[in-house]
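The values are calculated or read from the model by the stated rules, or taken from the named source; none is laboratory data. Treat the numbers as computed from the prediction; the structure is a model and nothing was measured. All Cβ positions, glycine included, derive from the backbone under ideal geometry; neighbour counts span all protein chains shown. Only protein heavy atoms, including side chains, enter the accessible area calculation; ligands, DNA and RNA are left aside. Shrake-Rupley method; radii C 1.70, N 1.55, O 1.52, S 1.80 Å.
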Amino acid sequence: MTTAQPTTPQPAAAQPTAVVVDGYSAGNFYPAAFTAAGARVIHVQSTPELIPTMLAPDLTAYAENIVCSDEERLVELLRPYAPVAVVPGQESAVQLADRLSEALGVKSNGTALSAARRDKYEMIEALRRAGVRCAEQFKSDDADLIVKWAQDHGTWPVVVKPISSAASDGVFVCDSAEEVGAAARRVLGTRDIFGTANTEVLVQEYLRGQEYVVDTVSCDGRRYVSGVWKYDKILLPSGQNIYNRDILVSQDEEPVPALIAYIHDVLDALDVRWGPAHAEVIVTERGPVLVEIATRLNGQLNPGFQELCLGNDQAGLTALAYTRPEEFDREYAGRIYRKLRSAYSYNPGTTLDGVVAEVDQDVVARINALPSVFLTSVKYAPGARIRPTIDLLTAAMRIYLTSDDDRQLAADYETARELKDSVYRLA
């Protein structure tokens, strides 16, 4: 279905065009990034209606929006633009962006390993085939078979999760066969955050160790490591391990060198040659092991925040790689980030359950007035339904903090923790 016809494109030589497919969540930062790089930016909406569970794209930021779910037709609509980039705005758009870019003959990661860059089971199996250290795992559409694998595996806990979701959606840490069965049936009986039915469930060994994020940008296989963050998580009684903070790690701190070397192997195994990647890795006794990787922007991205603590941001670097690859090569290829200031991305959880009557702006102002706070992003408006936090999507808000004084940063984080439960008042 096509409900918005593109206007006549400008000649490719006059102004390059970048295409963002389903620009939800952090994909909202692409229009400004590509515009700053000198490109005209258009949006592809691959569903007739916007996905309600995701932060919607700001369609006013694009030159136009093409609503089309017929891929062959979409290729023909995009071909006159001769785009320099076709990038996924969020995770469920990864494979479509791969198919479109390959069909258009533009810079692309291609489709040969596209499924492995999206399906969490295939992802790990691709690493195994390439001889890259990875987790033991099993998938099935039968909860009883998932339980049997966990029992045969013989080491507890194990992790149960959907095949292709994101943001810790439906991820359970299970300590018994009963918990595995309940988690598997729960996953199989639901849809993921993108609205796709979970027809299979994945069970993996539990990786013991500290978890990190490694963000990269690739330009025809040449890479820049744009940041490494340490996860601070909280394990709920339900077995769900929820995000609390991302803590920026210095580039010369252990185990950053080992993480970077490992991620290069992962990216090679998955044939990631272009654009951003967001990897989650646990450093185990046997070394770094991938949890999962997504070939899209870090969902915690805020360009202004990253500029302060890192000097650049992943969206801007991605736009540069596609539009001015020679400049990217000269300035960034083969290099790693430098931590300029200490920083946290804090995702406060909540136990509130009800309808928001009011957002106390005085409390928000008190949080924003803390010296380290860059931005407080309040998620729920009056009239919205708020539920207890079970994953990243149900966090109450996001607070970005950065400072060159570690003691101030830690103190402001503790104050924000004390204030966060007063932000919302329920009806």
> Just one of R338, R330 is more than 19 Å from the chain's Cα centre (by Cα), farther than 30 Å from N244 by Cβ, of a type in the set (K, R) and open to solvent by 20 Å² or more (accessible area, probe 1.4 Å); which is it?
Replying inline: R330
>> Going through A182, A135 one at a time, which residue ends up being at pLDDT below 95 and out of contact with any Pro (no Cβ under 6 Å at 6 or more places or on another chain)?
In response: A182
>> Conditions first: (1) in a strand (DSSP E or B); (2) farther than 27 Å from N241 by Cα. L401 passes all but one, so which condition is the exception?
In response: (2)
>> Let me confirm something: among A321, A315, which residue is part of a helix (DSSP H, G or I), touching a Cys at 6+ places or on another chain (Cβ under 8 Å) and touching a residue at least 24 places away in the same chain (Cβ under 8 Å)?
In response: A321
>> Give me the residue from region 83-115 that is small (G, A, S) and in contact with a strand residue (DSSP E or B) (Cβ under 7 Å, 6 or more places away or on another chain) and, out of that set, most open to solvent (accessible area, probe 1.4 Å).
In response: S108
> So which residues in region 225-270 are open to solvent by 50 Å² or more (accessible area, probe 1.4 Å) and not in a strand (DSSP E or B), if there are any at all?
Replying inline: P237, S238, D252, E253, E254, P257, A261, H264, D265, D268
> In region 121-136, which residue that is open to solvent by less than 20 Å² (accessible area, probe 1.4 Å) and not in a loop (DSSP other than H, G, I, E, B) is nearest to Y262 (Cα to Cα)?
Replying inline: L127
> V364 versus (1) surrounded by fewer than 21 Cβ atoms within 10 Å (Cβ to Cβ); (2) of a type in the set (V, I, T); (3) modelled with pLDDT under 95: which is the lone unmet condition?
Replying inline: (3)
>> Restricting to region 175-219, and then to whatever is of a type in the set (K, R) and touching a strand residue (DSSP E or B) at 6+ places or on another chain (Cβ under 8 Å), can you tell me which residue is farthest from P162 (Cα to Cα)?
In response: R208
>> Please go through region 257-299 and give me each residue that is of a type in the set (V, I, T) and touching a residue at least 60 places away in the same chain (Cβ under 8 Å), ordered by number.
In response: I260, V266, V272, V281, I282, V283, T284, V289, V291, I293, T295
> When you scan region 333-389, how many residues do you find that are without any contact (Cβ under 8 Å) to a residue 24 or more places away in the chain and of a type in the set (D, E, K, R)?
Replying inline: 2
> Does V283 meet the test of being open to solvent by 20 Å² or more (accessible area, probe 1.4 Å), on the phi < 0 side of the Ramachandran plot, assigned to a strand (DSSP E or B) and of a type in the set (V, I, T)?
Replying inline: yes
>> I'm checking my understanding of the structure. Among residues of region 324-357 that are in contact with a Cys (Cβ under 7 Å, 6 or more places away or on another chain) and of a type in the set (G, A, S), which one is farthest from A411 (Cα to Cα)?
In response: A333
